[in-house]
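Please read the structure below before turning to the comments.
We did not get these values from a lab; they are worked out from the coordinates using the rules stated. Treat the numbers as computed from the prediction; the structure is a model and nothing was measured. Virtual Cβ from ideal backbone geometry, glycine too; neighbours counted across all protein chains shown.
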Amino acid sequence: MKNDYHIQSYCHIRNNDISLNGNSLYKDDADSFSEFIKAVYKHLKIDYSKFFKMDSLSKLAFIAADTLLVEETEKNIGLVLSNKAASLDTDRKHQESIKDYPSPAVFVYTLPNICLGEISIKHQLYSENSFFVFDSFNAEALHTYANSLLDEEKSEKVLCGWVNFDDGKYDAFLYVVAKKGTFVHSIAEINRLY
């Protein structure tokens, strides 16, 4: 049985701006991603001490997810994220650290799906999760996978999207798919919101 699903809410983080459902929550003229993401963390009054140990990709995904899930009570939320660079930025840092002494704190983040774990821990999610690497944003794959999780009742909602971080350049677009919401969950609508 095919169900019609909706996009409940969405978040962008790009160009030193974080927005929720198209409305800017915080904009900054920080010189680096590190400065910007710390300022967002403080502005949103997030309380999660492990945040400062995370790599940049995990911080990006964590902040976008937290923006969408901060008031969410559902715990059966599937996670389906994607990007182009995988964990390449952290992989480079780990490669550099091997010259002296490999850092276990950096090594932990040499898989892109670690950001899924950080989101799951913070929001106590025990659901399905996947991380895909594509050449570019792939609305069709996200749409198909999210619908599959919902159709098969493996999740009540799905947090999906794109979180890419490489060499200081970043782009995040996450959205929550549910039975009810503001926008129809379609490939065209996902591309439009992206």
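Put a dot 7 Å past the Cα of Glu96, heading toward its Cβ, do the same for Asp47, and the two dots end up 3.5 nm apart. Here the calculated FRET efficiency for Glu152 and His6, from their Cβ-Cβ distance with R0 = 22 Å, stands at 0.75, rounded to the nearest 0.05. For the chain, the mean residue ellipticity at 222 nm estimated from helices alone is -10500 deg cm²/dmol, where every DSSP H run of n ≥ 4 contributes -39500 (n - 2.57) and the total is divided by all residues, rounded to the nearest 500.
Spacing of the modelled spin labels on Tyr126 and Lys84, each 7 Å from Cα toward Cβ, amounts to 3.9 nm.
The aspartates and glutamates whose alpha-carbon is closer than 14 Å to the alpha-carbon of Lys154, local same-chain residues fewer than 8 away aside, are Glu74, Glu128. Distances between placed amide hydrogens fall under 5 Å for Asn76 paired with Glu156, all partners being 5 or more residues away or on another chain. The order of the peptides 23-31, 153-161, 135-143, 114-122 by mean Cβ neighbours within 10 Å, most packed first, is 153-161, 114-122, 135-143, 23-31.
Under 5 Å between amide hydrogens, built in the peptide plane, is the criterion, and for Leu25 it picks out Ile18, Ser19, Leu20 among residues at least 5 positions away or on other chains.
Using the structure shown, list the pairs from Lys45/Lys84; Lys27/Lys169; Lys53/Lys75 with a Cα-Cα distance above 28 Å, or answer none.
Over 28 Å Cα-Cα: Lys45/Lys84.
For segment 127-143, 3J(HN,Hα) computed residue by residue from phi via the Karplus equation (6.51, -1.76, 1.60; θ = phi - 60°) reads 10, 4, 8, 8, 10, 10, 10, 10, 5, 7, 3, 10, 4, 4, 5, 5, 4 Hz, glycine and proline entered as x. Dimensions of segment 8-72 along the principal axes, based on C-alpha atoms and rounded to the nearest Å, stand at 30, 25, 19, largest first.
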